[in-house]
1. What distance in nm separates the simple spin-label points at Ala331 and Lys115, each placed 7 Å from Cα in the Cβ direction?
2. At a Cα cut-off below 15 Å, give the aspartates and glutamates reachable from Lys306, other chains included and same-chain residues fewer than 8 away excluded.
3. Given a 1.4 angstrom probe, what's the average accessible area per residue across the stretch 25-155, in square angstrom?
4. Relative contact order of the chain, please, whole-number percent, based on alpha carbon pairs below 8 angstrom and at least 6 residues apart.
5. Where in the stretch 199-223 does the amide nitrogen come within less than 20 Å of the point 7 Å from the Cα of Thr284, taken along Cα to Cβ?
6. Tally up the carbon and sulfur contribution to the accessible surface of the chain as a whole percent, 1.4 Å probe, everything protein left in place.
7. May I ask you to give the solvent-accessible area per residue for the stretch 157-281, in square angstrom, as obtained with a 1.4 angstrom probe?
8. Using +1 at the C-beta of Lys and Arg and -1 at the C-beta of Asp and Glu, which of Ser113, Trp27, Leu251 has the Cα lying farthest in the positive direction of the dipole of the chain?
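The values are calculated or read from the model by the stated rules, or taken from the named source; none is laboratory data. Just so it is clear, the model here is predicted, and its values are computed rather than measured. Quick reminder, even Gly has a Cβ in these numbers, built from the backbone with ideal geometry, and neighbours come from all protein chains shown. Just so you know, the surface numbers come from the protein's heavy atoms only, side chains and all, with ligands and any DNA or RNA stripped out. Shrake-Rupley method; radii C 1.70, N 1.55, O 1.52, S 1.80 Å.
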Amino acid sequence: SLRVLSGIQPTAGSFHLGNYLGAVRQWVALQETHDAFYMVVDLHAITVPQDPTELCANTRLAAAQLLAAGLDPERCTLFVQSHVPEHAQLAWIMNCLTGFGEASRMTQFKDKSAKQGADRASVGLFTYPILQVADILLYQANEVPVGEDQRQHIELTRDLAERFNGRFGETFTVPRPYILKETAKIYDLQDPSIKMSKSASTPKGLINLLDDPKTTAKKVKSAVTDTDTVIRFDPEEKPGVSNLLTIYSTLTGTDIAELEQKYAGKGYGALKTDLAEVMVDFVTPFRERTQQYLDDPETLDSILAKGAEKARAVAAETLSKAYERVGFLPAK
Ligand code: AQP
């Protein structure tokens, strides 16, 4: 079967609704049909300063949330990136294959370094997309389920896979992005012109899945809509309402057209009250399950150890092939 690979950073503690709807939800579905590899990308997390104690705790917390969201260690390989040293090793080769100008065109770096002040941004933040290239190519992934913000990095991955294959001989699978149109970009609840994100959103615009459910309900009820009153899916003219409809539709499995009908003639208040309830029904069991995994760190760590072992077997094979192709003298 086809293989998928994706990762999530352990930086913020709680996942937000954009992470879940844009990525993790698809991961859960794809483990049924694909050979799936999912990881907590702690190497990526240190591209911006991290408190060591928090990073370590947040790595377990991210794994617990992935399991709570429905990843099943019997159906997928779940691991921590730093447990598989091949990521950093292949990244070096990929660094040497990437043009400086090419790396400079990555818009996520431009945004994030601008926020930090260009002088303070690390070289690691600059080469982050190239580490991501290595992450994907190590597993010979066919598809990479991510949100829209990652499309450019997947393009870079394709370019580098083709470049390596062209220069050294067929080695890597050229992956495709797997981006669901409906949920590719979940927007900030207070500013529907920007994506919901841990760094750019204000607390009121960001739904953290581990927030107290009452806080979540409050945030939904105070979401920005517009001065009109009609509940209609129209991302251009009505971005706030459309974002709420997307969230509602995805969490309940109801067509947007059906929701439009249900709320015909009703105001935004009715929509928000119902969506707040839908959200609370979603986050309450999610929080409980996350806590259960955190309460049993031995089980959690053993799931991650098994995952790392499975991941390493695949990664080591690809890396040794790449080393040979590049011309590194085999160690005897
Ligand atoms: N708003 C979003 N809509 C849809 N998908 C999203 N993703 C993130 N935000 C949205 C997807 O979540 C996955 C994991 O993301 P990450 O851990 O790599 O972090 P990120 O993309 O850096 O998340 P943020 O919150 O957007 O962080 P900052 O503020 O640092 O940029 C990815 O597949 C991503 O596409």
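1. For the pair Ala331/Lys115, the computed spacing is 3.8 nm.
2. Asp72, Glu74, Glu298
3. Numbers: 5320 Å² over 131 residues.
It amounts to 41 Å² per residue over the stretch 25-155.
4. Values: 508 pairs, mean separation 75.3, N = 332.
Rounded, it is 23 percent for the chain.
5. 207-222
6. Working: 8190 of 15630 Å².
Ligands and nucleic acids excluded, carbon and sulfur give 52 percent.
7. Values: 6260 Å² over 125 residues.
Spelled out: the 1.4 Å probe surface of the stretch 157-281, per residue, equals 50 Å².
8. Selected residue: Ser113.
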